[in-house]
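Data block below; observations after.
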Amino acid sequence: MSKYKCLLWDLDDTLFDFKKCEHDGIVESFRKHGKSVTEDVISLYSKINDSYWKRLERQEITRQEVLVGRFRSLFETLMYYDMDAVAFQNTYHIELGKQATLMDGAWEALSASRDMGFCNYVITNGVAQTQKNRMRLSHLDELVDGVFISEELGVEKPSPVFFTKALKTIESEQKDITRDQILVVGDSLTSDMLGGYQSNLDICWFNVRKRENDLALPVNYEIFHLMDIITILV
Ligand SMILES: [Mg+2]
């Protein structure tokens, strides 16, 4: 019998195949702005985007600086002086909202967890409207009990405030659940694992890219495929 009753799932690069979603969203946005795009440009964007979200996690910049700044940096690097970062962000916001490719095993793992009687919540740093669109398109919204989005909570993972706010709602909705019965599942050491750890929750690292644990965080579990979670739940 598992000690857990409730799972908190990260969304991007955990339930969603974010690399694919991002790739297709960027291609479509460039197309709408009359420019073709190469794989090199997409991987450059991806690196810039990661660095901006990491800076937001460290509270060095604001959310708005992430959303527009990443494209401003990209266009400056590429010397695309005719491109308007604000207009492009508006397009990308819409196009990313249409991208909902799931990670291998995501639907199966979440369905199994639900069928086994666990409650399931999503915890995500992201733009609320985008994340809600994508959850609806993928039908993930039908499998979860609730969604916590940093834009709506007003604070990003890994801040313990994010987790405190989410836990308060969960504890009011799921009367018989205690904190030691909650497990955080996510791919990111710096947001999901660090935030869960600092909030005294058990943490399961979805290490799909087989990275080094360079924060040396004492994760309770490490899985390489989402369906591996089942062995923890039985
Ligand atoms: Mg993630």
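Bear in mind that the values in this text are calculations on the coordinates, not laboratory data. Quick caveat: nothing in here was measured; it's all calculated off a predicted structure. Cβ coordinates were reconstructed from backbone atoms using ideal geometry, including for glycine residues, and neighbour counts include every protein chain displayed.
Brief remarks follow.
- Qualifying residue in segment 84-97 (condition: within 16 Å of the ligand (Cβ to nearest atom) and within 14 Å of the chain's Cα centre (by Cα)): yes
- Scanning segment 107-140 for residues that are outside any strand (DSSP E or B) and buried (at least 16 other Cβ atoms within 10 Å of the Cβ) yields a total of 18.
- For segment 92-104, the candidate set comprises residues that are out of contact with any strand residue (DSSP E or B) (no Cβ under 9 Å at 6 or more places or on another chain) and buried (at least 19 other Cβ atoms within 10 Å of the Cβ); within that set, the residue that is farthest from I230 (Cα to Cα) is Y92.
- Residue within segment 67-75 that is in a loop (DSSP other than H, G, I, E, B) and either more than 19 Å from N125 (Cβ to Cβ) or of a type in the set (D, E, K, R) (or both) present: no
- Number of the exception - Y52 against (1) within 15 Å of the ligand (Cβ to nearest atom); (2) out of contact with any strand residue (DSSP E or B) (no Cβ under 8 Å at 6 or more places or on another chain); (3) in contact (Cβ under 8 Å) with a residue 40 or more places away in the chain: (3)
- Verdict on Y92 being aromatic (F, W, Y) and in a loop (DSSP other than H, G, I, E, B): no
- Helices (runs of 4 or more DSSP H) enclosed by segment 153-234 - at least 1 residues per element that are within 13 Å of the ligand (Cβ to nearest atom) and of a type in the set (A, V, I, L, M, F, W, C): 194-198
- Restricting segment 187-225 to residues that are closer than 13 Å to T14 by Cβ and of a type in the set (S, T, N, Q), the residue that is surrounded by the fewest Cβ atoms within 10 Å (Cβ to Cβ): N207
- In segment 135-181, residue farthest from T101 (Cα to Cα) [restricted to those that are of a type in the set (V, I, T), touching a residue at least 60 places away in the same chain (Cβ under 8 Å) and touching a helix residue (DSSP H, G or I) at 6+ places or on another chain (Cβ under 8 Å)]: I177
- Screening H23 with (1) surrounded by fewer than 19 Cβ atoms within 10 Å (Cβ to Cβ); (2) without any contact (Cβ under 8 Å) to a residue 60 or more places away in the chain gives one miss only, at (1).
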